[in-house]
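I have placed the structure first, in the form of C-alpha cells, so that the comments after it can refer back to it.
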C-alpha cells in the first residue's frame, strides 16, 4: 500500500483495544535523503457513539519523527505513548478508523503490517527476518534485477496469494513479468538458513 500525504481505513466493526497494548506498523520512505523535520503520524480514531451515530468522538495520535529512508522500518509503540489528538480523551474502547498522515516534506511512503498486540514477541520475530538477508533495490521497478547480499542455495518469489512466480539458484533474479505490488522472497542461504522478506515492485 502506498501512502501519499494521507490515507484512512475503517474496520468493518469497532475494535476494543483495551487489552492490546502495542501498535505495530512497517513503513518504507522513498525520499532520499529525508528532509529535516519530516513526520509520519498514525492516528487511531475512536467512534464512541456507533452504531447510533457515526463520527469521531476522540482520537490518539503518534507524531513519529522520520530519520531513515529507503529501508524498512518497524515501529512497535505502546498505545500509552500516543498523544490525545484535538482534545477529548485517550479512549480506545471503540476504535473504528486508522488514519495515516505524513508531513508535506514526505512524498511517498509504503505501508505494511499494521496491527495491535499485547507484547513484542511478534515484532521480535519479524525483526530477525528483516535484519538477515538484505535485498536491493527494494522497491524495484518491474523488469529490473534484484540482488541479495548473501550466498543462497535457492530464491523463490511468491505473490500475496501464495503462488510462486519466480525462482533462482543465484543471489539475483529478474523481476520481468511481475505486476506492481508486494511480494515475499523466500531464501535458503548457503548455511541452510531459511528467511522471508518483503519485496515491492513498482
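Values quoted throughout were computed directly from the atomic coordinates according to the rules given, and no laboratory measurement underlies them. These numbers come from a predicted model, not from an experiment. Quick reminder, even Gly has a Cβ in these numbers, built from the backbone with ideal geometry, and neighbours come from all protein chains shown.
Computed quantities for the displayed model
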{"item": "Percent RCO, i.e. relative contact order, over region 24-107, from Cα pairs under 8 Å lying at least 6 residues apart", "result": "45"}
{"item": "On Cα atoms only, tilt of 121-130 relative to the major axis of the chain in degrees", "result": "40"}
{"item": "Ascending count of other beta-carbon atoms within 10 Å, so fewest first, for 147, 189", "result": "147, 189"}
{"item": "Most mobile of 52, 80, 150 in a GNM of the chain (Cα contacts under 10 Å)", "result": "52"}
{"item": "Label-point separation, residue 156 to residue 117 (7 Å along Cα→Cβ), nm", "result": "2.4"}
{"item": "Relative contact order computed over the chain (Cα-Cα under 8 Å; 6+ residues apart), in percent", "result": "23"}
{"item": "Considering only the chain, percent of DSSP beta bridges that pair antiparallel, nearest 5", "result": "100"}
{"item": "Gained length - residue 167 relative to residue 193, 0.36 nm times residue gap less alpha-carbon distance", "result": "7.7 nm"}
{"item": "Value of [θ]222 nm, deg cm²/dmol, for the chain, DSSP H segments ≥ 4, -39500 (n - 2.57) each, nearest 500", "result": "-1500 deg cm²/dmol"}
{"item": "Length-normalised contact order for region 135-201 - Cα pairs under 8 Å, 6+ apart - percent", "result": "36"}
